[in-house]
Structure formats: C-alpha cells, structure tokens
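One structure below.
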Amino acid sequence: MNGNDIRLSWAASTYATGYKVYQIVNGQRVLQKTLTGTSVSFANMPEGAYAYEVNSYSDRFGDSPNASALNFTLTWPTLTPPALKGTIVNANNVTLTWTSATWANEYRVYEVTGDTRQLVYKGTALTTQIYNLSEKTHYYELTIYNTRFGESAPSNRLAEDIVYPIMQPPVASLKSLSGTSAQISWNFITYANGYNIYEIINGAPAVVAKNINNLSYTLNNLSYANHQYYVTSYSNSFGESAPSNTVEAKLIVDTEAPVTTASAPADWTNQAVTVTLTATDNETGVAGTYYALNDQAFAAGTSLTVEQEGVTKVSFYSVDKVGNKETAKTIDVKIDKTAPVTTANAPASWVKGDAAVTLTAADSLSGVAKTLYSVNGGQYVEGTTIAVAQEGVNQISFYSIDRAGNTENAQTIEVKVDRTAPVTTANAPAGWVKGDAAVTLTATDSQSGVAKTLYSVNGGQYVEGTTIAVAQEGVNQISFYSIDQAGNAENAQTIEVKVDRTAPVTTANAPAGWVKEDAAVTLTAADSLSGVAKTLYSVNGGQYVEGTTIAVTQEGVNQISFYSIDQAGNAENAQTIEVKVDRTAPVTTANAPAGWVKEDAAVTLTAADSLSGVAKTLYSVNGGQYVEGTTVAVTQEGVNQISFYSIDQAGNAENAQTIEVKVDRTAPVTTANAPAGWVKEDAAVTLTATDSQSGVAKTLYSVNGGQYVEGTTITVTQEGVNQISFYSIDQAGNIENAQTIEVKLDRTAPVTTVLLLRASRR
C-alpha cells in the first residue's frame, strides 16, 4: 500500500477476544498492537527486513500458546523521472514539457550552469514556461519528488540553444496629405516591439519619433522643402534593425519653366546693340540663362552686344532651380551704318567735347557736284566740314548732287555731345534678409544715356552689370557707379546689404534621465549674424509660447519642443527633448505564506512602478543588513521578520514594509500520566502535548487498536491490558510519531479453591 505501508491480516480464532501483534526486533518480541479485529496497518515504514508474530488471547483462557509468524523484506520503489522535452517560442522563450510519473507528488525543474543547479519550477503541472532567456545555451533537468521517498535522480539534461534573430528593417512608403503634412507607412516586422522614424538632415539621421506601436505615422507642420525619411524596427530583446528604404516627402512642386524677356530694339538701328536678358520664375527661382547667336552653341549669360551689320538672330532661354527648361525664344537685331551715297565721319556715339564732322561724297558714275548740309533744321548750306558744339543730340542732314543733276535723297546723322555724368540708384533691402538679396542698379542720364554700370562686392574687382545677387552671409559692401555713352564717369557710391540664411541654434539644459522633483529647463539660443529675435516652446503638444525658461511639473515623460527665430526671419527646425518626472515611489508586494509552514519558505518580492520603473529591491531578514534581491529563502525556525522596500529609476524610495514568515519543522511532544502497574478501578489517562514554535493544533489517541479520536483525557474501563496509542500535530502540520502505553485494569478478585481431604476408615 502506497509503496511503504504494511498491512497484516489473519483468520479469526475461536474463543479469541483479541489479538496481540508483536514485531521481532533484534531477536526480541516487541508488542506493537493489541486489537480485537483481524488486521492491522503500519504507515510510511522504512526499508528493511521485518518479522511479525500474532497471538490470539481470551479474557478467560489467556494468550494462545503459539503465534502466527511472517517474515518479509520491505523495499521502497525507485523514483524514475520522465524524459524532459523543450520547445523554443518567440526566439528567447522556452516551453518545457514531460509526462506524468509513478509516485510523483511534485515535479521540479532545474537550470544547470556548470556545477550549479537552480530551481526554476516546482509544482504538479506537466509543463512550464521560461521567459526572456539570454543568448546562449541553457541546460535543464527534471526530478520527481515523493513526500515519502524524497527526490529522484535527475532526468536527461536538455540543451536549448537561444540565438537572437537579426531584426529586419521594414519596407517604408510615403504619401503626401497636404502641402505641410505626409504619412509614412511600413509593414509588420516579427519580434518588433516598436518602430523608430528618422529624417535625413544634411546627410545625417535625426530622430523624428521612437517606439511607435502603429504601422504608420503622420508628419505635420513640414517646412516648404523636400524631406527624406527612413524607418527602423526595434525589439526590447533584440535591438534595432538597419534602416529601411528612404522615402521622400516632395513639398516643393514646381512644374512651370521661367519666363525670359529681351531688351533689344525691335527695328533697325545704326549702332551697336546691347541685349539684356531678364528671367523670372514664380517658384524656385532662376538657376541660369543661356543665349546663342545665329544658331551657334548656347552660352550662359544675361547680357550681349551685337555689332555686326545685317540681321543677327539671337536665341535664348532660362532654366529654374528644379530643372524646368523654358522653350527657346528668338529675336532679330538689325544694324545698318552705311549711308547711300554720301558718308560722314561724324562720331558714331556720344562725345564729351566738341565734335567735327567731315562729309565725303562718292558717286561712281557722274561724280559729286556738291554736298549740302543742315544743322538742327537750319538752312542747308554747301560744305563738307561741320563743327558741332551744342550739348545734346544734334541733327546733321546732308545730301549730294551729281554732275548729271541727280539729287541724292537727304541723309541725316546725329552728332551727340554729353558733358554730364549719369546718376545711379540701388534698390537694396534696408535690413537683414534671410535669402539671397537681389540688388538692382538703375542708372539715368539725360543726354547720351547710360553706357554701362559697374559694381564691386566687398572690395572685389569692379564688374559690369545692373543686377547683383548677394549670396554671402554677413554685412556685404556694394560699391557702384555708371558711365554714359559719352564716357562721363559717375563718382562711386557704397551701400550695405545684410544677408543671414542660417537659423539660430537653441540648446536646452534638460536633465538627462528621470528626476523625482519639478524640472527647470533653460533654453539658450545663439545666432552669429542678425541675432536672435525670439524663442518659442511647446509642452506636451500644447500651443507654442515665447520664452526661455520652462518649469516642468507634470509626472511622466514630458515632450518639450522648441525653436528660435532670428532677426532675418530664419526659423530653426523644431527640436524635441524629453523631460521625465517621477515623484511616486514604487510599490512592493510579497507572496509570503499566511501561517506556519513546516518547510523552508521561499518569499518572492514583486515591485511595480508605473513611471520610471523599478531600479532595485532590498530586503532584510530578522534585522540583518539590507541586501538587493527579489527572492528570500527563509530557513530559520521560528517567527522571521522580513523587511523590504524598492527604489525606482528616479530615486524615489518606498517606505519599508515588514512581514512575518513562520517556520516550524519540529513535531510536538506528547506525554501521558498513565498508572504504572495494575489498577483495580477505571483509570483516567491525561495526555499533555507541547510545541515550542507554532503550538499544538490537536492530540489524537486510539484505545486497543480502535480508530484514532481527538482528545487529551482517556477513561480506561476495560479489564485487562489496554493499549493506548497517541500522537499530536502542531499548527504547521508536523506530525509526531505515535507512542503506545499499556494501562492494566483488573476489577475481579481472585478465587480460592479449598481441597477437602477425607480420612479413610479402617
């Protein structure tokens, strides 16, 4: 029975009122039981050889002369553990399984590291799971435990190789939602706890969002630029993946080519023509303007001079900064400087002194008869030399007559005299600008007209032009002057053009980790050119307000976004930092047993903190020094005081708690005040039990092999030798080995027999 219980039985004997069961111990008969039935059981017996004898007895006739004997050997069963099997789940979790085993009251699983075995499971189930294993080979063994026969040898040693997977990058896509927002989407990645989004700024990645639990993210308030992004997957156990493909939010939409106009005259002229090309673009701006003469190769430029007589074909177009190319346009420049018959050596352009004009007439047939001229509409007079002194445009009309009398159609030439220099103005911006500054120089001359305008940037060499693109950051010095067609040069003027393209840089002195008090964040902005105009910040997605000092009082992870704007209007890209505040200490619970236990107690401390997380848990046993840990093995008998508390990542310390763990491994001791010899009246036996730890729970006794009942007072009324067996159980469940005493009661007086002898007669 149950592996190590012994049950003896026998046939009933005639006249028997009871039976005595003896065990032969070291050759001596030791009375074990006196009972009236025909069977007896002994529970939880040790291994070894046993010899028993049973005598019947009668109240009238005494013990039987012979006993029934039985010899045998009791061998405990061998505990054999089942085979241990394992399955890896989610890369770093293991499920262990086994089949049920004979005699098993409990199964125990150990993790084996070298010569060390650590218990990881104890219970009656046929499976257990172990989570978040490190990346290595883990070894496990299984034993079975029987409350009677102890613990078995270990099962097979199971090896489970934990190899962390390489996190795969997602495949990203992007769609524009508006002119300032876009949505990034990506596919699900196995093992991912979240996803991180980065923007590529100046060739380097910048974090946009971390630990996103969705498969999409909306980007708002995007600046008017083209933005590039990529996504990574992230696992708490396996780290971060490589970047996904790069996706682009194209917010600059420019499909319209520039428009270029030319300043050339539409009709014929008798002098060299300077053609100025002016291009405009309504979006990204002009990148370059190109021209070609008479279908030759195109060259870059916005100004050209045509001097060749005849019709010159000028083709031109412009390209903007995103590559839109204008369809080429064409104009004709027409020049004719040859008089029909009579030529004049008058100056072709303006002069800044008196002009002398000589008329030379040629006629291939009859020859010249005379030449006549008129100055400024006056009367024609004959001659070939003319002195022109009046400032302005002088009209010289002339013609010749040949000897046959043919009259040449009158020709008129202009002789232009200008002694006054031109005046040049500039439309430079008055203050700082945040992009390239375009300065247009406008020169006027009331007489000969402006021949050219020259300018110098920051002391550099003077170059010709009327449009100046100022790209250099800082305070630029622009010097300029003009020269008219007569050669009169204006005195140089100097203006300042101030350019600042660089946004300010703002830094924050936020605390790096969790803090347990209100946090003060100071924003410091710097701008090396126009200077900082203002700094704005937003707390947890609220409205941006101006300021440089932020008091953070809200518990949790606070998102602080901020940026600055300089005097030129350059706005810094908003930065976001986290300020983490945790004022609440963790809460620790213990799974200690509620009452007395009769074995070592294992107490598990479980700490929780909803904000910064638990940093460590400390405990003290019976007033000893506090040590760090979450599992407390209590082995000392008695009432043990376990004090414990936890500290979170922000440094908040919980108030220490104290619990009691009560261990009692020692069974109680029961004594009986039974009379030592035979008594002739009913005998009262008192049982007294003591237990130094948990205390006595109950005392049980059996009279003459009967059923055990609870009680401490026994009245013996049956004549003869009475067997009293008794034991006690304490509050922890420790059971005392049963004891047996004899109480001998005899109420019957002896009987005396008188023998009468008769004398014989003789």
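The values are calculated or read from the model by the stated rules, or taken from the named source; none is laboratory data. Worth saying up front: this structure is predicted, and the values here are computed from it rather than measured. Cβ sites come from the backbone with ideal geometry, for glycine too, and all protein chains shown count toward neighbours. Heads up: the accessible areas ignore ligands, DNA and RNA and are worked out on the full protein's heavy atoms, side chains in. Shrake-Rupley method; radii C 1.70, N 1.55, O 1.52, S 1.80 Å.
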Quiz item: Cα extents of the range 1-41 along the three principal axes, largest first, in whole Å?
Solution: 33, 27, 13
Practice problem: Using Cα pairs closer than 8 Å and at least 6 residues apart in sequence, work out the relative contact order for the chain, in percent. | Solution: 5 percent
Self-check item: the range 456-586, relative contact order [Cα under 8 Å, separation at least 6], %
Solution: 22 percent
Practice problem: Kindly state, to the nearest 0.05, the FRET efficiency for Ala362 paired with Val393, given R0 = 22 Å and r defined as their beta-carbon distance. | Solution: 0.25
Quiz item: What whole-number value in Å² describes the accessible area per residue of the chain for a 1.4 Å probe?
Solution: 55 Å²
Exercise. Over the range 387-528, calculate the relative contact order: mean separation of alpha carbon pairs under 8 Å at least 6 apart, over the residue count, as a percent.
Key: 20 percent
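Taking the alpha carbon gyration tensor of the chain, what are the square roots of 5 times its eigenvalues, largest first, to the nearest whole Å?
127, 27, 14
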Quiz item: Which of the lysines could be linked to Lys175 by a straight reach, that is with a Cα gap under 29 Å, when you skip same-chain ones fewer than 8 residues away?
Solution: Lys210, Lys250, Lys321, Lys325
Quiz item: Once you charge only the Cβ atoms, +1 for Lys and Arg and -1 for Asp and Glu, what is the size of the charge dipole of the range 319-459 about its Cα centre, to the nearest 20 debye?
Solution: 420 debye
Quiz item: Ala608 versus Ser216, label points 7 Å from Cα toward the beta carbon: distance in nm?
Solution: 3.4 nm
Self-check item: Backbone N within the range 269-294 under 16 Å of label point (7 Å from Lys313 Cα along the Cβ vector)
Solution: 291-294
Quiz prompt | Positive-end residue, the chain charge dipole about Cα centroid, Cβ charges, pick of Ala300, Gln379, Ala615 | solution = Ala615
Quiz prompt | Debye, to nearest 20: dipole size of the range 23-151, +1 on Lys, Arg Cβ, -1 on Asp, Glu Cβ | solution = 140 debye
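For the range 236-279, which whole-number percentage of the solvent-accessible area (1.4 Å probe, protein heavy atoms only) is attributable to carbon and sulfur atoms?
Heavy-atom surface of the range 236-279 belonging to carbon and sulfur, 1.4 Å probe: 48 percent.
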Quiz item: Could you state the number of Å between the C-alpha centres of the range 81-100 and the range 295-334?
Solution: 82 Å
Practice problem: For Glu599 and Trp678, compute 0.36 nm times the residue count separating them, minus their Cα-Cα distance, and round to one decimal in nm. | Solution: 24.1 nm
Practice problem: Please work out the FRET efficiency for the pair Asn573 and Thr278, using the Cβ-Cβ distance as r and a Förster radius of 35 Å; give the result to the nearest 0.05. | Solution: 0.50
Self-check item: Computed E for Gln559/Glu710 - FRET, C-beta separation, R0 56 angstrom, nearest 0.05
Solution: 0.20
